[in-house]
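**Student:** One structure follows; several queries about it will come next.
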Amino acid sequence: MKLPLDRAWIEGHLPHQGRMSLLDEIVALDETSVRAIARGHRKSDHPLRVGNELPAVCGIELGAQAAAAHGAACAGAPSGAGFLASVRSVTQHVRRLDDIAGDLQVDAKQIAAGSAGVVYSFVVSADGRALVEGRVTVAFAR
């Protein structure tokens, strides 16, 4: 698969559409990990903004979308329906994301996979500094 994968590829392979498609490109990919870039965190119309800011907890959704993109890329097909079943070990190193000047780098690594779902660890960072990290479990719809 030729990288980077652009926003059109992401929207064509994930269930998240329009403004809720939070990733802009996939820049690295292997059998167990993915690196995505997100640039929309500074936009005043970001769909997850609360008042005048984008809380750091929204990094969880970035990690989950990166995990879904990894699954779709590895399967060579659009991501099927799934839901965020569990969020664990989340650490927020900042309070908000909208005041981060640079692009957000979203790294997700598959920890476990089975027919019922997947578990990924993730780190959202900018300029080499971790902003939000944790672990997500995505259960597949049956």
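The values are calculated or read from the model by the stated rules, or taken from the named source; none is laboratory data. Note that this is a predicted model, so its numbers are computed, not measured. Ideal geometry is used to build each Cβ from the backbone, glycine not excepted, and the neighbour counts take in all protein chains shown.
**Student:** Can you tell me which residues in the stretch 59-93 are touching a residue at least 60 places away in the same chain (Cβ under 8 Å) and closer than 21 Å to ASP103 by Cα?
**Tutor:** Within the stretch 59-93, GLY59, ILE60, LEU62, GLY63, ALA64, ALA67, ALA68, ALA69 qualify.
**Student:** While we're looking at this one, here's another question. Would you be able to say whether some residue in the stretch 11-20 is surrounded by fewer than 17 Cβ atoms within 10 Å (Cβ to Cβ), in contact with a Lys or Arg (Cβ under 8 Å, 6 or more places away or on another chain), farther than 21 Å from ALA126 by Cβ and in contact (Cβ under 8 Å) with a residue 60 or more places away in the chain?
**Tutor:** No.
**Student:** With the requirement that a residue be of a type in the set (Val, Ile, Thr) and over 12 Å from the mean Cα position of the chain (by Cα), what does the stretch 105-137 give you?
**Tutor:** Correct list: ILE111, VAL118, VAL119, THR137.
**Student:** Still on this structure: Can you tell me which residue is farthest from ALA8 (Cα to Cα) among those in the stretch 21-36 that are out of contact with any Lys or Arg (no Cβ under 9 Å at 6 or more places or on another chain) and surrounded by fewer than 18 Cβ atoms within 10 Å (Cβ to Cβ)?
**Tutor:** This residue is GLU31.
**Student:** For the stretch 90-136, which residues satisfy the criterion of being of a type in the set (Ser, Thr, Tyr) and surrounded by fewer than 18 Cβ atoms within 10 Å (Cβ to Cβ)?
**Tutor:** If the condition is that a residue be of a type in the set (Ser, Thr, Tyr) and surrounded by fewer than 18 Cβ atoms within 10 Å (Cβ to Cβ), then THR91, SER115 are the ones that fit.
**Student:** So which residues in the stretch 1-20 are in contact with a strand residue (DSSP E or B) (Cβ under 7 Å, 6 or more places away or on another chain), of a type outside the set (A, V, I, L, M, F, W, C) and closer than 19 Å to GLY63 by Cβ?
**Tutor:** Correct list: PRO4, ARG7.
**Student:** Got a number for residues in the stretch 1-50 being in a helix (DSSP H, G or I), within 14 Å of ARG96 (Cα to Cα) and either among the β-branched types (Val, Ile, Thr) or in contact with a Gly (Cβ under 7 Å, 6 or more places away or on another chain) (or both)?
**Tutor:** 0
**Student:** Could I ask something else about it? Test GLN92 against the criterion of being among the polar types (S, T, N, Q), farther than 26 Å from GLY80 by Cβ and touching a strand residue (DSSP E or B) at 6+ places or on another chain (Cβ under 6 Å), and give yes or no.
**Tutor:** Yes.
**Student:** If we keep just the residues of the stretch 51-85 that are at pLDDT 95 or above and outside any helix (DSSP H, G or I), which is surrounded by the most Cβ atoms within 10 Å (Cβ to Cβ)?
**Tutor:** LEU54
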